[in-house]
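What follows is one structure encoded as structure tokens, with my remarks underneath.
The values are calculated or read from the model by the stated rules, or taken from the named source; none is laboratory data. Note that the structure is predicted; figures quoted are calculated from it, not measured. Don't worry about glycine lacking a Cβ; one is built from the backbone with ideal geometry, like all the others, and counts go over all protein chains shown. All accessible areas refer to the heavy atoms of the entire protein, side chains included, with ligands and DNA or RNA removed. Shrake-Rupley method; radii C 1.70, N 1.55, O 1.52, S 1.80 Å.
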Amino acid sequence: MLRHPIPQLRRGVCYVILAFELGLSINLDGAASRLKQSFERTKFRRNRRAPRYFDYDPPPLRVSQHGQQINVGKFFTKAQADLTLFDFGGCSVIYEIDITGPIGHLIELSDVLYNNTYLWNDARERVEQLMQELSGCISRPNLSDSIEEFAIYHMEEFDAEVHVPALVNDHAREFARLLRSETGDLGEEEVRDAVSTKTSYGSGDLVVVDWNGALFFGDDIDDVKAVLEFCNLEFLEMRFLDEQLDSYLESAYQVLTVKKKGIADLNRVARLQVDSAILFEAVENALKLLGDQYLARVYSLASQKFHLPEWHSSIRRKLDALDSIYQKLADRAAQRRSEVLEWIIILLILVEVVMGVLERV
């Protein structure tokens, strides 16, 4: 069957999102008072009818920074980047790239963007400068080596009239290559997996979500972009917390196997347990989408692609294991205290008996 070629993109934007872990938490109010650049406390635009009570809690802080344009393939980033700070210690850096032309140019761009060290280094420098500016507002500052990237291709207008669902179905191979940053042909199963996770709100829009990027057709991308930005950052935080818990469990196990264990060791394990639980709860409760069915679907689809439910289950198991170690240490500490008290009582009784004998003599 002869396929019609994909119409060329007349107008669009690629949003390149890089996520970083800055520390245990960020005092957003304190950060706002220190910033020299323009900033805003971001909220959802709510361009659709939805309940008023869904939003971030608390609203993150978005900072706009100017800089140099960065060459990426046949395109250039805009001379500005937006940095979004979340109270749980995460930061997201977003670059914008105006995109036009045939799908082949976009696939080349996707290939160039994948693990682009130049963009990574530029984003890291921006984050480091911001951390210096916010000194004292970040609890336990420690910029992690891990970075999580995601790209959103907003296709606003083509040079011909298109029916979006049919366009994606008819040219699934090309769009799958764009999402997967693959310059070569993909197998049938890979193509289906790449473009099968999609949803829409109206007849003229569509969002296709994959693990490495997303496609958005239509207007009003702001809320969808915000949800995908948060999911990418949540994925990084879950990876970071999972690795941290592995290290914590190893440390806690070493404490458990040492013969002499004191209150300091018990307090150390308790601190590890509390820090992990606080970060996990902060990330899970940062975004409230109850009531907005469309954005909840977008979040659910992205969660599936990032395997966030599996990460959550893994982290909960490790938190339970850490809690079990703490309980064992606490029980042993209580047992030792009980044994010491028993010996003290025995010694007191013995002293009293000896004193009584001496008095009689």
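Contact annotation: residue pairs with Cβ atoms under 7 Å, 6 or more positions apart or on different chains, pairing a residue in segment 321-339 that is free of Cβ contacts under 8 Å to residues at least 60 places away in the same chain with a partner that is in a helix (DSSP H, G or I) and open to solvent by less than 100 Å² (accessible area, probe 1.4 Å), are 323/273.
Only residues that are more than 15 Å from the chain's Cα centre (by Cα) and not charged (D, E, K, R) were counted in segment 279-300, giving 8.
Among the criteria (1) in contact with an Asp or Glu (Cβ under 9 Å, 6 or more places away or on another chain); (2) not in a helix (DSSP H, G or I), the one residue 79 does not fulfil is (1). Scanning segment 227-245 turns up one or more residues that are of a type in the set (Val, Ile, Thr), under 21 Å from residue 156 (Cα atoms) and crowded, with 21+ Cβ neighbours inside 10 Å. Return the only residue of 90, 73 being small (Gly, Ala, Ser) and under 30 Å from residue 283 (Cβ atoms). Residue meeting the stated conditions: 90. Of the listed requirements (1) more than 26 Å from the chain's Cα centre (by Cα); (2) surrounded by fewer than 17 Cβ atoms within 10 Å (Cβ to Cβ); (3) touching a residue at least 12 places away in the same chain (Cβ under 8 Å), residue 203 misses just one: (3). Scanning segment 132-159 for residues that are over 29 Å from residue 99 (Cα atoms) and surrounded by 20 or more Cβ atoms within 10 Å (Cβ to Cβ) turns up 134, 137, 138. Which one is nearest to the chain's Cα centre (by Cα), of the residues in segment 213-224 that are modelled with pLDDT of 95 or more and within 30 Å of residue 23 (Cβ to Cβ)? Ranking the candidates gives 213 first.
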